[in-house]
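Everything below concerns the one structure shown next.
The values are calculated or read from the model by the stated rules, or taken from the named source; none is laboratory data. Model, not experiment: these values are computed from the prediction. Reconstructed Cβ throughout: ideal geometry from the backbone, glycine too, with neighbour counts over all protein chains shown.
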Amino acid sequence: EFVIGILALQGAFVEHQAALEGLSLREKLHVVLVKTPEDLEKCDALVIPGGESTTIALLARLSGVLDPLREFVKSKPVWGTCAGAILLSQAVENAKKGGQDLLGGMSIKIARNGWGSQVESFEAALEVNGLRKPDQPFNGVFIRAPVVLELSPSSTDPPIQIIAKLSPNLLPPSLASPDHSDEPKIFVALRQGQHFLTTFHPELTNDNRFHEYFVKEFVIPSKP
Ligand code: GLN
């Protein structure tokens with residue numbers, strides 16, 4: 001049995017729980033909500049939900065789970081969605097005054113609320129590599145989503161793989177670059193080593209192929 005934790009301090013953790021518990025693999029899984037260092041200790045892998053990255057980090061600090069999370073990220077699989085993707089990044093732009101605690105884990109730079117106020121929320125069909133039923137597009141739900149600004153793997157970092165992209169013509173003019181070199185802003189799902197991020201919210205759809213992907217690709221292979 002694999003124990004998957006969902007960080008349950010704020011945000012869409014209940015929806016992740018329902019999606020994981022709805023998988024056909026569920027007999028192999030034990031899903032726990034993580035609020036304390038003791039909860040985290042039981043976990044083989046962790047999902048960090050969408051919500052508000054500043055609030056999640058603040059609550060993590062107050063509940064004493066921030067440093068244990070930083071340790072966890074060094075050795076176990078973690079999937080961050082939206083706000084969770086921000087927390088998993090190494091560097092952030094548009095952090096709130098007072099700053100943003102990060103967990104690191106993925107060597108990318110990300111912008112909070114990167115779509116700007118004109119395009120706060122939208123849905124878009126995504127091109128995805130590696131999901132079951134590849135011919136069925138995945139509906140990406142983006143809510144005040146972050147935008148990936150830079151992939152900066154140094155030679156010692158594991159390579160970054162692009163798992164899902166948005167069509168470049170969906171980028172608003174404020175984000176599109178005149179020479180059409182719009183990558184990495186169109187990268188909306190990435191993996192690196194044991195970590196996975198999606199800037200959208202797969203837990204807010206009835207399609208749990210990304211949850212299945214995380215379990216099959218990251219959680220099950222993580223144990224000998
Ligand atoms: N804008 C939020 C943040 O910066 C993320 C939004 C989300 O998770 N839907 O934390």
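Here are some notes:
- Cβ-Cβ under 9 Å pairs, at least 6 apart or on other chains, segment 40-52 side surrounded by fewer than 18 Cβ atoms within 10 Å (Cβ to Cβ), far side β-branched (Val, Ile, Thr) and at pLDDT 95 or above: Lys42/Val3; Lys42/Val32; Lys42/Val34
- Check on Asp182, closer than 25 Å to Leu66 by Cβ, away from the ligand (no atom under 16 Å from the Cβ) and of a type in the set (D, E, K, R): no
- Selection within segment 23-50 - over 18 Å from the mean Cα position of the chain (by Cα), within 24 Å of Gly140 (Cα to Cα) and at pLDDT 95 or above: Leu23
For every residue, the table says whether it meets (1) in contact with a strand residue (DSSP E or B) (Cβ under 6 Å, 6 or more places away or on another chain); (2) modelled with pLDDT of 95 or more; (3) of a type outside the set (Ser, Thr, Tyr).
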residue	(1), (2), (3)
Lys109	yes, yes, yes
Trp115	no, no, yes
Leu131	no, no, yes
Pro137	yes, no, yes
Gly140	yes, yes, yes
Glu150	yes, no, yes
Pro153	yes, no, yes
Pro168	no, no, yes
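- Filter result (assigned to a loop (DSSP other than H, G, I, E, B) and either surrounded by 21 or more Cβ atoms within 10 Å (Cβ to Cβ) or free of Cβ contacts under 8 Å to residues at least 24 places away in the same chain (or both)) within segment 115-129: Trp115
- Considering residues of segment 96-113 that are more than 17 Å from Gln10 (Cβ to Cβ) and within 10 Å of the ligand (Cβ to nearest atom) only, the residue surrounded by the fewest Cβ atoms within 10 Å (Cβ to Cβ): Ala111
- Summed over segment 69-80, residues that are surrounded by 18 or more Cβ atoms within 10 Å (Cβ to Cβ) and away from the ligand (no atom under 15 Å from the Cβ) total 6.
- Long-range neighbours under 7 Å by Cβ, at least six apart or interchain, first residue without any contact (Cβ under 8 Å) to a residue 60 or more places away in the chain within segment 136-150, second basic (Lys, Arg) and away from the ligand (no atom under 11 Å from the Cβ): Val147/Lys185; Val148/Lys185; Leu149/Lys109; Glu150/Lys109
- Of the helices (runs of 4 or more DSSP H) lying entirely inside segment 1-66, those carrying at least 3 residues that are of a type in the set (A, V, I, L, M) and within 16 Å of the ligand (Cβ to nearest atom) are 53-62.
- Any hit, segment 73-83, residues being under 15 Å from the mean Cα position of the chain (by Cα), within 21 Å of His211 (Cα to Cα) and in a helix (DSSP H, G or I): yes
- Any hit, segment 81-103, residues being in contact with a Cys (Cβ under 9 Å, 6 or more places away or on another chain), within 21 Å of His16 (Cβ to Cβ), in contact (Cβ under 8 Å) with a residue 40 or more places away in the chain and of a type outside the set (Gly, Ala, Ser): no
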